[in-house]
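Taking it in order: structure first as C-alpha cells, then the write-up.
The values are calculated or read from the model by the stated rules, or taken from the named source; none is laboratory data. Since this is a predicted model, take the numbers as computed values, not measurements. Methodologically, a virtual Cβ is constructed for each residue, glycine included, from the backbone with ideal geometry; neighbour enumeration extends over all protein chains shown. For the accessible areas, the whole protein counts, side chains as well, though only heavy atoms, and no ligand, DNA or RNA atoms are used. Shrake-Rupley method; radii C 1.70, N 1.55, O 1.52, S 1.80 Å.
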Amino acid sequence: KSHLPYQYAQELILNKAYNVIESISVKAINDSVYDLIKLHDEDIERPLEAIDLTEIKAEMEISLSNIFNDIECSVSTDTFDKNEYRLLYLLDYIQRKAYWYSYIRVGQLLGEKKAYVIFNSDADKEEHDVIINLDEFTITDIPSYHSFCKCRITFDKSEYKGGE
C-alpha cells in the first residue's frame with residue numbers, strides 16, 4: 001500500500017502546527033514583556049534573541065509520527081476518525097507548551113531568576129514543582145503538562161499560593 005497520502009497529510013499538519021507554534025510564541029513573548037513591565041513598574045525592551053522552539057517542534061514531530069504510524073498500521077477505514085481526538089489533543093498540548101516555553105524564556109532573557117506555576121489541578125500540583133528555576137529548567141518543568149492543561153506561569157511571587 002502507498003504511504004504517500006499519509007506522508008502528505010502528516011506534512012500538511014506538521015507545517016500548520018509549526019505556523020501555530022510560531023504565532024503562539026510571538027504572543028507569549030509580548031505577554032511576558034507586558035507582565036514584566038507591570039511587575040517591575042519600568043520599561044523593559046523586548047529581547048532581540050529569538051526563542052528556540054526546536055524541542056517543542058521535535059516533540060510535535062514524534063507524537064504526530066506515532067499517530068500516523070498507528071493509522072497506517074490499521075486496516076480499518078475509520079481509523080483516521082478514531083485518531084482525530086489524538087491530533088486535537090496533540091495540537092492543544094503543543095500550542096500551550098510553546099506559549100509557556102516562549103513566555104518563560106523571555107523572562108530568563110530579561111534577567112528573571114524564578115517563575116511560579118499556578119496550578120489548575122491538584123494532580124498537576126502533586127507531580128510538578130511550584131517554582132521553576134530559570135537558570136536550569138527543562139521543557140517538562142513547564143505547562144502544558146497534558147492536553148487542555150489550564151496551569152499557567154507568572155513571574156509575580158504574590159500570585160501563587162505557597163511558599164518557597
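Side notes on the structure shown:
- Number of the exception - E72 against (1) in a helix (DSSP H, G or I); (2) surrounded by fewer than 12 Cβ atoms within 10 Å (Cβ to Cβ); (3) not small (G, A, S): (2)
- Checking the stretch 87-109 against the condition returns no match, with no residue being over 25 Å from A58 (Cβ atoms) and either within 17 Å of the chain's Cα centre (by Cα) or among the hydrophobic types (A, V, I, L, M, F, W, C) (or both).
- As for the stretch 129-146, it holds no residue that is at pLDDT below 90, of a type in the set (G, A, S) and under 18 Å from the mean Cα position of the chain (by Cα).
Yes or no, residue by residue, for (1) over 24 Å from V117 (Cα atoms); (2) not β-branched (V, I, T):
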| residue | (1), (2) |
| --- | --- |
| V20 | no, no |
| K27 | no, yes |
| I37 | no, no |
| A50 | no, yes |
| L87 | yes, yes |
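- Consider the stretch 128-141 and keep the residues that are under 25 Å from E61 (Cα atoms) and among the acidic types (D, E). The one that is surrounded by the fewest Cβ atoms within 10 Å (Cβ to Cβ) is E136.
- For beta carbons closer than 9 Å, sequence separation of 6+ or different chains, a first residue in the stretch 152-164 that is under 14 Å from R105 (Cα atoms) and in a loop (DSSP other than H, G, I, E, B) and a second that is open to solvent by 40 Å² or more (accessible area, probe 1.4 Å) and modelled with pLDDT of 95 or more, the qualifying pairs are F155/K114.
- The listed residue being open to solvent by 60 Å² or more (accessible area, probe 1.4 Å), at pLDDT below 90 and acidic (D, E), out of E42, E55: E42
- Filter result for the condition that a residue is of a type in the set (S, T, Y), within 25 Å of I37 (Cβ to Cβ) and assigned to a helix (DSSP H, G or I), over Y99, Y85: Y99
- Among the residues of the stretch 43-71, those identified as under 20 Å from the mean Cα position of the chain (by Cα), within 16 Å of L14 (Cβ to Cβ) and in contact (Cβ under 8 Å) with a residue 60 or more places away in the chain are E55, I56, E59.
- If you filter the stretch 103-117 down to residues that are open to solvent by 40 Å² or more (accessible area, probe 1.4 Å) and in contact with a strand residue (DSSP E or B) (Cβ under 9 Å, 6 or more places away or on another chain), you find that the one that is nearest to R46 (Cα to Cα) is Q108.
- Filtering the stretch 1-39 to residues that are surrounded by 14 or more Cβ atoms within 10 Å (Cβ to Cβ), among the polar types (S, T, N, Q) and modelled with pLDDT under 85 leaves only Q10.
- Residue pairs meeting the criteria (Cβ under 9 Å; at least 6 apart or on separate chains; first over 23 Å from I142 (Cα atoms), in the stretch 7-32; second open to solvent by 70 Å² or more (accessible area, probe 1.4 Å)): A9/F80
- Close pairs (6 angstrom Cβ cut-off, 6 or more residues apart or separate chains): on the phi < 0 side of the Ramachandran plot in the stretch 117-145, among the aromatic types (F, W, Y) and modelled with pLDDT under 90 anywhere: I118/Y160
- Residue ID - nearest to E45 (Cα to Cα), chosen from residues in the stretch 79-102 that are open to solvent by less than 20 Å² (accessible area, probe 1.4 Å) and in contact (Cβ under 8 Å) with a residue 40 or more places away in the chain: S102
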